[in-house]
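First the structure, in the form of C-alpha cells, and then the observations on it.
The values are calculated or read from the model by the stated rules, or taken from the named source; none is laboratory data. None of these values were measured; they are calculated from a predicted model. In this analysis, Cβ positions are derived from the backbone assuming ideal geometry, glycine residues included, and neighbour counts consider all displayed protein chains. The accessibility values were calculated without ligands, DNA or RNA, using every heavy atom of the protein model including side chains. Shrake-Rupley method; radii C 1.70, N 1.55, O 1.52, S 1.80 Å.
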Amino acid sequence: MSFNRWIWLMAWRDSRASRRKLFLFSCSIVLGIAALVSITSLGHNLEIAVAEQAKSLLAADLVVTSRQPLSERAEQMIEGLGGEQAREVSFSSMALFPNSEGTRLVQIRGLTEGFPFYGAFETFPTNAGEIFRNLPGALVEESLMKQFNAKVGDPIKLGELILPIVGILQKIPGEAMVFTTIAPRVYIPATEIPKTKLIKAESLAKFKVFIKYPPATLVEEFVKKRRAPFKELRLELETVEDRKRDLGKSMNHLQTFLSLGGFIALLLGGVGVASAIHVHVKEKVPSVAVLRCLGASANQTLQIYVAQGMALGLLGAIMGGILGVVIQFFLPRVIQDFVALEIQYSIAWVSVLGAMGAGFVICVLFALVPILPLRRVSPLAVLRATTAVSHHRDPLQWLLFGIMGLGITGFSLWQSTRWYHGLAFTGGILVAFGLLALVAKLLISLARRAITPSWPYVWRQGFANLHRPNNRTLLLMLSLGLGTFLLLTMYLVQHTLLIDLLPAGKGRQPNTVLFDIQTDQISDVENLLKNRQMEVLQQAPVVTMRLASVKGRAIRDLLKEPDHRRVPNWVLRREFRSTWRDQLVDSEESVVGVWPSQKIRDSIPISLEEGIAKDLAVTLGDDLEFDVQGVSIATHVAHLRKVDWKRMAPNFFVVFPSKTLEAAPAFHIITTRSNTPEAGAEMQHALVKNYPNISLIDLTLVLKTVDTVVSKVSVAVRFMASFILGTGLLVLISAILTGRYQRMQESILLRTLGASRWQVLQILVIEYFLLGFCASLTGVVLALGGAGALVFYLFKLPFHPPLLAPFVTMACICLTTMTTGLIMSWGVMNRPPLEILRGE
Amino acid sequence: MNDESILGVNALTKSYSTSGGELTVLREVTFDVRRGRTCAIVGPSGSGKTTLLGLCAGLDQPTQGTVHLDGIAVHSLNEDGRARLRNKLLGFVFQNFQLLTTLTARENVMVPLELCGEKGADHRAVELLQRVGLGDRLDHYPIQLSGGEQQRVALARAFINRPKILFADEPTGNLDSETSGKIIDLLFDLNRASGTALVLVTHNLELAAMTDQIITLRGGRRVDPL
C-alpha cells in the first residue's frame, strides 16, 4: 500500500467537515497511550535506579541471615568469609515513650559499627546515623515519632533500657518505607541490646552479618561455592545480584500491573476509535461511491480513510506522549513508597517512542475494522444507495481480527512474568469483552421484542433507541461495563481484605494480643487484666520448632530433590510455632482421625492443619520429626483439622497433646478485649511498665496500619483505574456525539410533529438510563465474579461482598451516563428546529 | 460493433437472485452508439433504464451479454480495470449531482485528473468552471451552491478528463424548468465542442427528442424499432 500525495491530500480534504469529531475520537486513545508512555518510561527509570543504586540496596556486598543465634560452627564459617563485617540483631518488642506514656510494638535493631557500608541513613539531624552508636542513643522512625508526638532528645524505653532519641529515621538503604508502618523500626547500638533484657532463647530474633569486600572482589563467584554448607546450617547468603534479581522481580510485578491497566485503557480507547470511525465512514459511503465512479480503485479509496486513521493515531500518540511525559512527573510519587530506590526522573525517549508506537498501531488496527469494508463499496451506489456495501464476509477482516488477537496476546505475554499469566490476562479480556458484547446483543434483541403498542410512547421510543440502526448500545455497554467491572473489582477485593480479614471490635472478638509471656508471668498478667475488667479470651503456650524429617527423609535430602517433586522450600525451612492442648478450639473443625491423646511407642501423635499436611504431602499415620531447639521429637499424624485463619485467635499448624511439650522452652499468648481505647492504653502502659519483655499487638492499630498500606496500594490501583475510567468517559462522550446528528434529526421531526421538549427529554433519559443500568449491571456481575475468584483463589478467603457497594456503583454509573448523555444532547432539545437544520 | 461505435451493447441481460427466485430486470438489450453522437434511454419507472446505464458505464457486471467501450470489452475487466476505464474514457452526470461535500467546486472538478496523476488539473478546472459560468465560485463548497450551480460543477467535472462518452442519469431531474433548460443547453454545447458521445437516461421526452437516437425500454426489454 503506497500512499501518494493525492491520497494524503484527499484524506485532508475529506476530513474538513469532521475534524473536530476526528480530534475527539483520537482523544479516546490519548489516556491509554499516556498511561503506557509514563509506565514504560518509569520502568526504564527504575532499571537505571536499580543499576546505579545496586550496592546501596543491600548496603553491603554480602549479607548472612540466621533466624537463630549463631552457633560456634556458624561463627567459624562466617569468620571464614573474611572482609569487613558489621552485625545486626533484630526482634519485635514493645517501646514505651515515657513523656507521652505511649506504647507500641516496634522492631528493635541493634547495630555494630560499619553499617551501612554503601548508601547512608537519611536522618534528622543529618549526622544522627553516625552518632547514635557512640552516644549511645536511639534512631526512631518518623511515623512513630509523629504518633507519640515525640521529638529529638526525648527518652525511649525498650525493655529495661532507657535511651535518648538522637535522631529521626527517614530512609534506610535498601528498604521500602511503606512496609515500616506495620512495625516501625528503632535502631540502637548492638552493645545496648543485652541491657534491654528482651532476648531470650525462645525469642523470635533475626541475626544478620553484613560484609564488605575490596572493590575488585568477585563476590558472586566467591559465594557460589559456599552456598550449600551455609544452607545446611540454615544460614542464608544474599549478594547484591540476589537483591537485584528479587527487586527486579517485584519491580516487574508492579510494572506489569500498571502496564496491563494502561493496556486495558488503550484497548477500550481502541474500541472507542473503531466505533467512532464506523460512524464516520458510514457517512462517507456516498463519497466513496462517487470516487469509485470517477475511476478511483478500491485500494485508493481505502487508502484515503486509512490515511485518516493513521493521522488520528499519530495525533493520539503525540497527545498521549506529551501527557504521558507530564504524568511521569507524578508517577514516581505514586509508587515511591513501594520501592527502596531513589527514582530520578528522566525522559526515556526510547520507551516513550515505543509506547507511542504501540498506541499508534492499536489505533490503526482498530480503525481498520470499520474502514476495510469500504473496499467493497460498489460504484453503482451513485445510482442506487441500496447497493452500497457488499455484506459478504471479507477474509481480510478475519485476518485483521487474527492480527489484533495476536497483538493483544503478544503484549500480554511480553508484560507478564509468566506465560500463563499473559494468556490468562488475554482470556480475561476476551471473556469480559465477550460477555459485555453478548449482554449488549441480548439487550438489543430484548428491546426489539419487548416493545408492545400498549406502552407509553416515550418508553417505546426510549427502548427503540437501543436497537435501531446506528445505535450506540454495544459501544456503551463495552466502555461503561468494563469501567464498572475494573473499579468495583478493586473496591471489593480491598474491602474483603480490610473488613473480612480483620473483623476488629465486634462482640466478644479480641482486639488485643499479648505475646512473649513467660510461663512464670502468666498468673500475674491474668490478674493485671482481671483488675481492669478485661477477660482472658484465650491463652495458649507456644513452642518454636523446625522440621527435621518427613516420612523418615531428612530435610536436607528433601531440599535436594528436583523442584517439581519437592515440598515447597518455605514449608521445609519454616519455623513452626506449635502448642499443646486436649481439645479443638472455636476456630477449628475436625477433618479426619482421632484427636491426639497419648504417646504410642516413642512417637507423639499430633494434629496437623489440613493445608500444611497437603503441602507436606503427609496423611494420617505418616511420621514427622521436629527439632525443638536441639532436641529431636518424633511424631506421627493422628488427626487433621481445618482452621479458620480469619478468626482473630492464636491458630497453629501443629497441635501436640498435653504432657508432651511442657518441658520445652515456651512463651505464652493471651488474647483479650478492651472495651474503650482509654482502658486499652492504660492496660498497655501498666503491662510495659511491669513486664517489659511482653509484647502487645493492638488490633485496632493493626487495622489502621493495614488500612494505611492498603490505601497506599489503592493509590496506585486508583491511579491506573482513573485512566480506564477517563477513557470510558471519553468513549461515552464521543459515542453520544457521533449519534447526535441522528438524534437531532429525529428530535426535530418529533418536535415538528408536536412532541414537547419534556417528551424528547424523557426519551433520551430512558435510553441513557437503560444503557447505564444494563452496562453497570453486567459490570457488577463481572466484578463480583472477578473479585470472588481473586479473594477465594489468590487470598484463600471466603468472599462476602458488601451489599451496598454494587447498588451504589450502579446508581453512580446510571447517573453519570444520564448526565453526560443529557449534557451532550442539550442542544438537540433547546435550539429551534430551523437553526439546527441550518447548523448541521 | 464497427470502428465508428464508441459503445456497443449486445444481448445484455441482468438478473438478481431474490428470496422469491430470480428477477430479470434487463433482457437481451442490443444497441450501438456512434462516436460524437447522442442517445437517450427512455421508459417508465422500473423499466431498467438506470440498470442499463450502470452496465454500459461499467458500474456493474451483466449476467449475460457484452458491453464494448471504445473497442474494449468492459464485461471482461475486473473492478479496478473498469475503474481505470471510467477514469480514462467516461464522464458522469447524475440527477442528485453527486459532488463530494467536503471538497470545493474547484477540487471536485480536479478529482478525475488528479486520480490519473495528470498535471495541470487546477488550471483546467478553473477554465472549465469559468466556461460553465462559475468562475467566481471556485472555492465554494457544494452546500454553498444552488442546485443548478451544483449541476454545473458536475458538468465541469464530467468534461475535465476529455471523455469519449458521457453518461447522464436524469441530469435535470432535481432542477426547476428554467434551470433545467440552461443545464441542457450547457450539456449539449460542451458535448458538441469536445466531440463527446452522450448517453442520457430521462423521463423527459422533449429532452430525449433532442438526441440522435432513442432507446425505449419497457419491462426490461427494448421496445423501440431497431
Subset of the stretch A:779-805 [open to solvent by less than 60 Å² (accessible area, probe 1.4 Å), more than 16 Å from A:Val431 (Cα to Cα) and either at pLDDT 90 or above or hydrophobic (A, V, I, L, M, F, W, C) (or both)]: A:Val791, A:Leu797, A:Phe799, A:Ala805
Hits in the stretch B:143-157 - residues which are more than 11 Å from B:Asn108 (Cβ to Cβ), open to solvent by 10 Å² or more (accessible area, probe 1.4 Å) and of a type in the set (S, T, N, Q): B:Gln144, B:Ser146
Candidates A:Leu139, A:Leu135, A:Leu105 - the one that is modelled with pLDDT under 85 and within 33 Å of the chain's Cα centre (by Cα): A:Leu105
Enumeration of residues in the stretch A:369-426 that are at pLDDT 80 or above, within 30 Å of B:Asp169 (Cα to Cα) and hydrophobic (A, V, I, L, M, F, W, C): A:Ile371, A:Leu372, A:Leu374, A:Val377, A:Leu380, A:Ala381, A:Val382, A:Leu383
Inter-residue pairs, beta-carbon under 9 Å, first closer than 13 Å to B:Leu55 by Cα and in the stretch B:28-39, second of a type in the set (Ser, Thr, Tyr), 6+ apart: B:Glu28/B:Thr13; B:Val29/B:Thr13
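Does at least one position in the stretch A:116-130 carry a residue that is among the polar types (S, T, N, Q), assigned to a loop (DSSP other than H, G, I, E, B), open to solvent by 10 Å² or more (accessible area, probe 1.4 Å) and touching a helix residue (DSSP H, G or I) at 6+ places or on another chain (Cβ under 6 Å)?
no
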Test set (1) open to solvent by less than 20 Å² (accessible area, probe 1.4 Å); (2) of a type outside the set (Phe, Trp, Tyr); (3) touching a Ser or Thr at 6+ places or on another chain (Cβ under 9 Å) - B:Arg162 fails condition number: (1)
Residue selected from the stretch A:100-115 under the condition out of contact with any strand residue (DSSP E or B) (no Cβ under 7 Å at 6 or more places or on another chain) and assigned to a loop (DSSP other than H, G, I, E, B), by the criterion least open to solvent (accessible area, probe 1.4 Å): A:Ser100
Identity of the residue in the stretch B:113-136, away from chain A (no Cβ under 13 Å) and among the acidic types (Asp, Glu), that ends up surrounded by the fewest Cβ atoms within 10 Å (Cβ to Cβ): B:Asp136
A:Ser445 being among the polar types (S, T, N, Q), part of a helix (DSSP H, G or I) and either surrounded by 18 or more Cβ atoms within 10 Å (Cβ to Cβ) or at pLDDT below 85 (or both): no
Residue ID - most open to solvent (accessible area, probe 1.4 Å), chosen from residues in the stretch B:46-79 that are more than 13 Å from chain A (Cβ to nearest Cβ) and of a type in the set (Gly, Ala, Ser): B:Ser76
Filtered residues of the stretch A:138-149 (kept if in a loop (DSSP other than H, G, I, E, B) and either open to solvent by 30 Å² or more (accessible area, probe 1.4 Å) or in contact with a helix residue (DSSP H, G or I) (Cβ under 7 Å, 6 or more places away or on another chain) (or both)): A:Asn149
Filtered residue count, the stretch A:626-642, keeping only those that are surrounded by fewer than 19 Cβ atoms within 10 Å (Cβ to Cβ) and under 39 Å from the mean Cα position of the chain (by Cα): 3
Residue in the stretch B:84-93 that is over 27 Å from B:Leu175 (Cα atoms) and of a type in the set (Phe, Trp, Tyr) present: no
Qualifying positions in the stretch A:19-68 - acidic (Asp, Glu), modelled with pLDDT under 80 and either open to solvent by less than 10 Å² (accessible area, probe 1.4 Å) or over 29 Å from the mean Cα position of the chain (by Cα) (or both): none
Identity of the residue in the stretch A:1-60, among the polar types (S, T, N, Q) and under 18 Å from A:Ala274 (Cβ atoms), that ends up farthest from the other protein chains (Cβ to nearest Cβ): A:Ser28
Single match in B:Asp169, B:Asp139 (criterion: touching a helix residue (DSSP H, G or I) at 6+ places or on another chain (Cβ under 8 Å), touching a residue at least 12 places away in the same chain (Cβ under 8 Å) and open to solvent by 40 Å² or more (accessible area, probe 1.4 Å)): B:Asp139
Subset of the stretch B:80-112 that is more than 10 Å from chain A (Cβ to nearest Cβ) and under 17 Å from the mean Cα position of the chain (by Cα) - its residue that is nearest to B:Leu187 (Cα to Cα): B:Val93
Filtered residue count, the stretch B:180-226, keeping only those that are part of a helix (DSSP H, G or I) and among the basic types (Lys, Arg): 2
Members of the stretch A:586-630 found to be modelled with pLDDT under 85 and of a type in the set (Val, Ile, Thr), listed by number: A:Ile600
Answer residue from the stretch A:515-555, given it is free of Cβ contacts under 8 Å to residues at least 40 places away in the same chain and in a helix (DSSP H, G or I) and is least open to solvent (accessible area, probe 1.4 Å) among those: A:Ile555
